[in-house]
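Okay, so here's the structure we're looking at.
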Amino acid sequence: DIVMTQTPLSLSVTPGQPASISCKSSQSLLYSDGKTYLTWLLQKPGQPPQVLIYEVSNRFSGVPDRFSGSGSGTDFTLKISRVEAEDVGVFYCMQTTQLPVTFGGGTKVEIK
Amino acid sequence: EVRLLESGENLGQPGGSLRLSCEGSGLIFSSYAMTWVRQAPGKGLEYVSSISAAGGSTHYAEPVKGRFTVSRDNSKNTVYLHMNNLRVEDTAIYFCAKDTMPQAVYNLDYWGQGILVTVSS
């Protein structure tokens, strides 16, 4: 199974400040079709996960442009240019390149 | 608007059985693979199972292989998770998620609200 390692475990951010989360996979997530199936999810308190970014850097419909994703191979990053109060929750990276689907352990973001 | 709604019996005993359903609306249900993901209380996300759009291909995580069966009825826009030989460690919120392709798994774009399943004697 592909192991996904996220850092940091938690972040406390002042509104308006940037934030960055790292996700590393134990194997390359580049698939034979040339795409890299790395997704970033946000799970707000009491809600199901919602997709923010798919295929490394594509923002999902309705996601604000303060969220951006980058990376390749085994190293990936989610950046929030200016954190807002509504961004509170747990961020997960998820790989769907190879079954079983695996998830990072999560990064809990709090607002100072 | 795509919606996925999980339902079913949500309290079971060790060794017992439960069936979960996930009904989709706002989409051509028969065109997409579907996946189940679970989350134990206070824990992270864990893959459970996937089924292709036509139902001919299924995949299972090791902890549930041989105990859980995924199936679908496209005439009812519904995917099912049949859970047998339940264990206490199966206690979790179960989410269904829609794929963007007929085969599993590519991108999981829409997720249901989830249903809490409790296994306890």
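Read the figures in this text as sums done on the coordinates, not as results from a lab. Quantities reported herein were computed from a predicted structural model and do not represent experimental measurements. Note that each Cβ is placed from the backbone with ideal geometry, even for glycine, and that neighbours are counted across all protein chains shown.
Cα-Cα over 22 Å: which of A:Lys35/B:Lys65; A:Lys44/B:Lys76; A:Lys35/B:Lys76; A:Lys79/A:Lys112? Spell out each step's value before the answer.
Numbers: A:Lys35/B:Lys65 29 Å; A:Lys44/B:Lys76 30 Å; A:Lys35/B:Lys76 33 Å; A:Lys79/A:Lys112 18 Å.
Pairs exceeding 22 Å: A:Lys35/B:Lys65; A:Lys44/B:Lys76; A:Lys35/B:Lys76.
7 Å from Cα along Cα→Cβ at both A:Ser20 and B:His82: what's the point-to-point distance in nm?
5.1
On average, how many beta carbons from a partner chain sit within 10 Å of the beta carbon of a residue in A:95-107? Before the final figure, lay out the partial values.
Numbers: counts 1, 10, 2, 1, 8, 11, 13, 4, 6, 2, 3, 3, 0.
Shielding by partners across A:95-107 averages 5.
Compute the separation of the alpha-carbon centres of the range A:42-76 and the range B:40-87 and state it in Å as a whole number.
About 25 Å separates the Cα centre of the range A:42-76 from the one of the range B:40-87.
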